[in-house]
1. Label E67 and Q81 with points 7 Å out from Cα along Cα→Cβ: what is the distance between them in nm?
2. Taking +1 at the Cβ of each Lys and Arg and -1 at the Cβ of each Asp and Glu, which of I9, A75, G21 sits farthest along the dipole of region 1-106 towards its positive end, judged by Cα position relative to the Cα centre?
3. Rounded, prolate or oblate: pick one for region 1-106, where a ≥ b ≥ c are the square roots of the eigenvalues of its C-alpha gyration tensor, a/c under 1.5 means rounded, and failing that, prolate if a/b is larger than b/c, else oblate.
4. What is the magnitude of the charge dipole of region 5-46 about its Cα centre, with +1 placed on the Cβ of each Lys and Arg, -1 on the Cβ of each Asp and Glu, and no other charges, expressed in debye to the nearest 20?
5. Run the dipole for region 37-114 about the Cα centre, Lys and Arg Cβ at +1, Asp and Glu Cβ at -1, nothing else charged, and hand back the magnitude in debye, nearest 20.
6. Any chance you could run the full-extension gain for M33 through D105? It's 0.36 nm times the residue separation minus the Cα-Cα distance, nm to one decimal.
7. So, counting K/R as plus one and D/E as minus one, what does the shell of residues with Cβ under 13 Å around I23 add up to?
8. What are the GluC sites (Glu not before Pro) within region 1-103 that DSSP puts in a loop, where the Cβ has at most 10 other Cβ atoms within 10 Å?
Amino acid sequence: EIGSRIAAIQTDTGEAVEAIGQISEVIARIADMQNTIASAVEEQTATTNEISRNVNEAARGSSEIAENIVSVASAAGETSQGAARTQQAAADLREVADALQAVVDGVPKDKGATGRRGGDGAAVLPVSSLAPFEADRTTATVGNGHGNGNGNGSYLG
């Protein structure tokens, strides 16, 4: 009977060794899986960090674009205002030209015409006849139209 007990103990010991071997294999597989999971988590962390950097960079780019749009809109507004001022100045200049033309058309052409004359025979007219243009001067002199630099041209005096 001792022999059969020894045989049973040997059988049980063999089975225990075999079970321990299987447990060791399972532990090794679990360790491999843990390593694989750790590597995947590390890759995901790196990818998440890269995505975060890209999102921040895109946000900075969007902010710069918004600032540039504001600058462009401001410049466009200033350009529009400048164009409006230029258009108004052109209209004002046209009114002055029309008023001057009306004065020139109303000036007698011959030297025998009545009216005050300047030293060169040019007619001297009140500046008020140039309305709606406002000036600080009180008279306008319209000469003979030659404009030779000696006062014979049209000028405000």
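Where a number appears in this text, it was derived from the coordinates with a stated rule and is not lab data. None of the values given here were measured: they were computed from a predicted structure. Because the Cβ atoms are built from the backbone with ideal geometry, glycine has one as well, and the counts that use them run over all protein chains shown.
1. Between E67 and Q81, the simple spin-label model gives 2.2 nm.
2. A75
3. Prolate is the answer for region 1-106, as a/c is 1.5 or above and a/b outweighs b/c.
4. Working: 2 positive and 7 negative charges, 36 e Å.
Dipole about the Cα centre, nearest 20: 180 debye.
5. Using Cβ point charges on Lys, Arg, Asp and Glu, region 37-114 gives about 480 debye.
6. Details: separation 72, 0.36 × 72 = 25.92 nm, distance 10.50 nm.
My answer for the length gained is 15.4 nm.
7. -2
8. Numbers: sites: E1, E15, E18, E25, E42, E43, E50, E57, E64, E67, E78, E95; in loops: E1.
Loop-located and lightly packed - E1.
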